[in-house]
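Enquirer: Questions regarding the structure given below will be posed in turn.
The values are calculated or read from the model by the stated rules, or taken from the named source; none is laboratory data. Every value quoted in this text rests on a predicted model; they were computed, and no experiment measured them. Note: ideal-geometry Cβ built from the backbone for every residue, glycine included; neighbour counts use all protein chains shown.
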Amino acid sequence: MLYRSRRLEALLGGPLDAISYEDIAALVDNPEAAEAEDLDYKRELPAADDKGKEELAKDVAAFANHIGGVLIVGMAEAQGVPSKVMDCDISDAHQRHLQQVVARNTAPAVRFDMRALHKPGEPGQGFLLLAVPRSPYGPHAVTAPPTKRSETTLRYPRRGASKTEWLTETDVATAYHRRFSDASHRGRRLAVVEQELLHTLPASNVAHLIVTVCPEVPGDMQITRDSYGRYKEELLSGGRLLGEAASVFDEVRIGSRRLVASGGDPRSYWYNQCELHRDGSGSWAMRIGGRMSIVDGVEFWWTDPDTVVYELLSALHGLGVHARDRSGSTGTAVIKAALVDAPHSHPSGPSKPQMTPMPPFRIDRYNTQLGTRSPLSTQFCAYADSQSAALLDDLADGGTGLVQAGALVADELFHAFGIAEASPVTRDGEIRSEEWSPELRRNICRWAEAHQISVLGSR
């Protein structure tokens, strides 16, 4: 789901997409589950008349304009504490109606998720969960016709403690300024995070893939003695490429408002370095393995399409896990990937090292049966980049959404080499098994099966 909250997940017993009807029913008379700035209860949510539409739009926009939150429909409350299970209409038709009400009565339209929890034995009745992330596009206004003459047409709600308050003119102006400055800030932040990693890489003249992720809504990873020990263990045991058993990192240290993980030999072709920032941003540099060839007297270095895609998906997944699960970021993130023949070829890269230069770089396929190279690239490329956006949950969950995001980014990287698309994956989130080498095919298909990802051409 779009919204994640460590506090609410601890209260409810798990992520919103995993909790049950019984988990919500068990909140009755629990004072710790009282209404708060991120939690609200409603007996029902008909939203049939002007007042009902106004109330729904107000409740959803108030969460989006603050820190996000969850509206639980089908529960009565007494002084803010859940007091009685009421059960409400959770039919598909009613859910579509609520989606339409929010879309038509908020501006810009608030994005949110809805999940129905069916009451055992009574189809169509139960709880509705409306999960609203903090929005980077606020302030969101309620555009429903005001039901009180004293109210203006455009009203900007915000959650305050357990109630809804209204933004003043100054608040609105500040929020609009923040919307546009935040968008500019995310672009600058993405560039800074990428550049800082580039300038700490060991001197090298081999090809690198640099993947950077910057959440639109920053998180806050706390670094203490206890948390560092936990994060270090996670990275040393779980910082792996997709389908692999072993981690690619063998060292994790603390940097300035970040964790720095590295692995491999900085003097060889195999090396990884990753910087994971406190705000959920992160950048991962991977050296790209390849082969040397000579054609018509021209020597060049090349790598396979599946190698690039495999490392790209692995980096996006690892950075998504960090942003969501360590820093608590939610919603969407901006992504940038850069493929370079050497770090100094990046426009923001380090100085050219005093090393023997490598020959030009390209992407071609290795024919394992014939042991020969099958040309794909129509030109050499020293620097290729791609930018996109994705839901953090898609990156962190490692399912079809991750493959879809990776395919979009990979296609743009490949265009710089004159290749129409990254054939190992599709933009529908599928794996083309025949486009993978035998070694990587085992890893990617093992991972795809575990995450219920469609594999084309599999037997």
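Enquirer: Restricting attention to the range 297-315, does a residue exist that is over 21 Å from residue 364 (Cα atoms), in a helix (DSSP H, G or I), in contact with a Leu (Cβ under 9 Å, 6 or more places away or on another chain) and not acidic (Asp, Glu)?
Expert: yes
Enquirer: Same structure, new question: State which residue is surrounded by the most Cβ atoms within 10 Å (Cβ to Cβ) when the search covers only the range 120-134 and only residues that are of a type outside the set (A, V, I, L, M, F, W, C) and farther than 14 Å from residue 43 by Cβ.
Expert: That would be 133.
Enquirer: Then there is this: Against the definition (at negative phi, assigned to a strand (DSSP E or B) and among the basic types (Lys, Arg)), how does residue 53 come out, yes or no?
Expert: no
Enquirer: Of the conditions (1) part of a helix (DSSP H, G or I); (2) over 22 Å from residue 342 (Cβ atoms); (3) aliphatic (A, V, I, L, M), residue 246 clears all except one; give me its number.
Expert: Of everything listed in (1) part of a helix (DSSP H, G or I); (2) over 22 Å from residue 342 (Cβ atoms); (3) aliphatic (A, V, I, L, M), residue 246 misses just condition (1).
Enquirer: Which residue out of 321, 334 is outside any loop (DSSP other than H, G, I, E, B), surrounded by fewer than 24 Cβ atoms within 10 Å (Cβ to Cβ) and touching a Cys at 6+ places or on another chain (Cβ under 8 Å)?
Expert: Exactly one residue qualifies, and that residue is 334.
Enquirer: Is there a residue in the range 324-331 that is among the hydroxyl-bearing types (Ser, Thr, Tyr) and at pLDDT 95 or above?
Expert: No.
Enquirer: Tell me whether the range 236-250 contains one or more residues that are assigned by TED's automatic domain parsing to the domain that holds residue 452, under 18 Å from residue 279 (Cα atoms) and charged (D, E, K, R).
Expert: There is no residue in the range 236-250 that is assigned by TED's automatic domain parsing to the domain that holds residue 452, under 18 Å from residue 279 (Cα atoms) and charged (D, E, K, R).
Enquirer: Just one of the numbered conditions (1) over 28 Å from residue 187 (Cα atoms); (2) crowded, with 22+ Cβ neighbours inside 10 Å; (3) modelled with pLDDT under 90 is not true of residue 248; which one?
Expert: (3)
Enquirer: Wholly within the range 63-115, which strands (runs of 3 or more DSSP E) include no fewer than the required count, namely at least 1 residues that are of a type in the set (Asp, Glu) and over 20 Å from residue 155 (Cα atoms)?
Expert: Because the criterion is at least 1 residues that are of a type in the set (Asp, Glu) and over 20 Å from residue 155 (Cα atoms), the strands (runs of 3 or more DSSP E) in the range 63-115 that meet it are 75-78.
Enquirer: Going by the structure shown, is residue 370 crowded, with 18+ Cβ neighbours inside 10 Å, modelled with pLDDT under 90, in the same structural domain as residue 306 (by TED's automatic domain parsing) and of a type outside the set (Gly, Ala, Ser)?
Expert: Criteria not met by residue 370.
Enquirer: Consider the range 31-55. How many of its residues are closer than 21 Å to residue 12 by Cβ, aliphatic (A, V, I, L, M) and in contact with a Leu (Cβ under 7 Å, 6 or more places away or on another chain)?
Expert: Qualifying residue count, the range 31-55: 3.
Enquirer: Go through (1) surrounded by fewer than 20 Cβ atoms within 10 Å (Cβ to Cβ); (2) of a type outside the set (D, E, K, R); (3) out of contact with any strand residue (DSSP E or B) (no Cβ under 9 Å at 6 or more places or on another chain) and name the single condition residue 47 misses.
Expert: Every listed condition holds for residue 47 apart from (1).
Enquirer: Looking at the range 389-406, which of its residues are closer than 22 Å to residue 346 by Cα and surrounded by 18 or more Cβ atoms within 10 Å (Cβ to Cβ)?
Expert: Within the range 389-406, 406 is the sole residue that qualifies.
Enquirer: Being within 27 Å of residue 439 (Cβ to Cβ) and among the β-branched types (Val, Ile, Thr) is the filter here, so list the residues in the range 271-299 that pass it.
Expert: If the condition is that a residue be within 27 Å of residue 439 (Cβ to Cβ) and among the β-branched types (Val, Ile, Thr), then 288, 294, 295 are the ones that fit.
Enquirer: Give me the strands (runs of 3 or more DSSP E) completely within the range 360-417, filtered to those with at least 2 residues that are of a type in the set (Gly, Ala, Ser) and under 25 Å from the mean Cα position of the chain (by Cα), ordered by residue number.
Expert: Because the criterion is at least 2 residues that are of a type in the set (Gly, Ala, Ser) and under 25 Å from the mean Cα position of the chain (by Cα), the strands (runs of 3 or more DSSP E) in the range 360-417 that meet it are 383-391.
Enquirer: Would you mind stating whether residue 73 is in the same structural domain as residue 142 (by TED's automatic domain parsing) and at pLDDT below 95?
Expert: In short, no.
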